[in-house]
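**Q** The structure's right below; bear with me while I get my questions together.
The values are calculated or read from the model by the stated rules, or taken from the named source; none is laboratory data. None of these values were measured; they are calculated from a predicted model. Glycine also receives a Cβ, built like all others from the backbone with ideal geometry; neighbour counts cover every protein chain displayed. Protein only, heavy atoms only, side chains kept; ligands, DNA and RNA dropped before computing areas. Shrake-Rupley method; radii C 1.70, N 1.55, O 1.52, S 1.80 Å.
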Amino acid sequence: ALPREGVHALPSGPATGTLIHHLLQGLAEADFPAPAQPEFQRALRPKLRSRRWQEHAEPIIHWLEQLTTTPFSIGAQTPCRLSDLTQGEFIAEFEFLISVATVHASQIDQLIRRYSVDGVARPALGEATLNGMLKGYIDLIFAHEGQYFVLDYKSNYLGPSDQDYDSTSLKEAVLKRRYDVQYSLYLLALHRLLRSRLGADYDYDTHIGGAVCLFLR
């Protein structure tokens, strides 16, 4: 097996994912300070004092320094960095509820397949009938150049090196785990939020920028 270095040497599994989400939530609460600011360390260090994470503290802090300052592409827009976001430009951990009544999962699946990821084949959702309330939390809603985006942090372990996280591998992970369904529901929640907040000024094509799956490793 190839040696695991840097962030790839950190334990795989839900505990690491939960920790990184928790750390990023702390950075959001501090308004995504730049790594050189003391607020950056203050947002992270207390959460890394447990025996489980002490030995990994420095690699994790370096990881988040890189993560928050690395530009990511969002379509035709200029690249965005988490560290560039300022208070009033984002909402972290946004909770939403969507009411559903006798909605067939296969019907939702058909629409999402047709209009997302260029219609590429992916595993089916099944034949379940949905009734009640769909509840979820969006890791981050942010504004960039006049448009609004939903962003979901993905801590998936896909392999021991950077080469395992090329664009093809990331697209395959999105389709295999049906993250397209997740972010479609997030976009629906964002659509309803903006329609409520902006009223007659709201236009989907103008204001909705899209969804970002940010693979952290």
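**Q** Scan segment 47-62 residue by residue and report those that are closer than 21 Å to L216 by Cα and either open to solvent by less than 80 Å² (accessible area, probe 1.4 Å) or in contact with a strand residue (DSSP E or B) (Cβ under 7 Å, 6 or more places away or on another chain) (or both). If you could, list the steps in order and put the result at the bottom.
**A** Of segment 47-62, the ones closer than 21 Å to L216 by Cα are 47-48, 52-62.
Selection gives K47, L48, W53, H56, A57, P59, I60, I61.
**Q** Does segment 139-160 contain any residue that is of a type in the set (S, T, N, Q), out of contact with any Leu (no Cβ under 6 Å at 6 or more places or on another chain) and over 24 Å from T68 (Cβ atoms)?
**A** Initially, segment 139-160 is screened for residues of a type in the set (S, T, N, Q), giving 147, 155-156.
From the residues that got through so far, the ones that are out of contact with any Leu (no Cβ under 6 Å at 6 or more places or on another chain) too are 147, 156.
If we keep only those that are over 24 Å from T68 (Cβ atoms) too, we end up with none.
No: zero hits.
**Q** Would it be correct to say that D139 is in a helix (DSSP H, G or I) and farther than 18 Å from Y204 by Cβ? Write out each step before concluding.
**A** On the way: in a helix (DSSP H, G or I): no; farther than 18 Å from Y204 by Cβ: yes.
Taking the combined requirement at face value, the residue does not satisfy it.
**Q** Could I ask something else about it? Being touching a residue at least 40 places away in the same chain (Cβ under 8 Å), open to solvent by less than 30 Å² (accessible area, probe 1.4 Å), closer than 30 Å to F40 by Cβ and hydroxyl-bearing (S, T, Y) narrows it down to one residue among T78, T68, T86; which is it? Outline the logic, then answer.
**A** Details: T78 fails: open to solvent by less than 30 Å² (accessible area, probe 1.4 Å); T86 fails: open to solvent by less than 30 Å² (accessible area, probe 1.4 Å).
The match here is T68.
**Q** How do the pairs read when you match residues in segment 184-196 that are without any contact (Cβ under 8 Å) to a residue 24 or more places away in the chain with residues anywhere that are among the β-branched types (V, I, T) and open to solvent by less than 40 Å² (accessible area, probe 1.4 Å), using Cβ under 6 Å and keeping only pairs 6 or more apart or on different chains?
**A** Close Cβ pairs satisfying both conditions: none exist.
**Q** I need a count of the residues in segment 145-182 that are open to solvent by 30 Å² or more (accessible area, probe 1.4 Å) and either assigned to a strand (DSSP E or B) or not hydroxyl-bearing (S, T, Y) (or both).
**A** Residues flagged as open to solvent by 30 Å² or more (accessible area, probe 1.4 Å) and either assigned to a strand (DSSP E or B) or not hydroxyl-bearing (S, T, Y) (or both) within segment 145-182 amount to 16.
**Q** Continuing with the same structure: Return the pair list, or none, for Cβ contacts closer than 9 Å from residues in segment 30-53 that are within 15 Å of R81 (Cα to Cα) to residues that are of a type in the set (S, T, N, Q) and not in a helix (DSSP H, G or I), at least 6 apart or on different chains.
**A** D31/T86; D31/Q87; F32/T86
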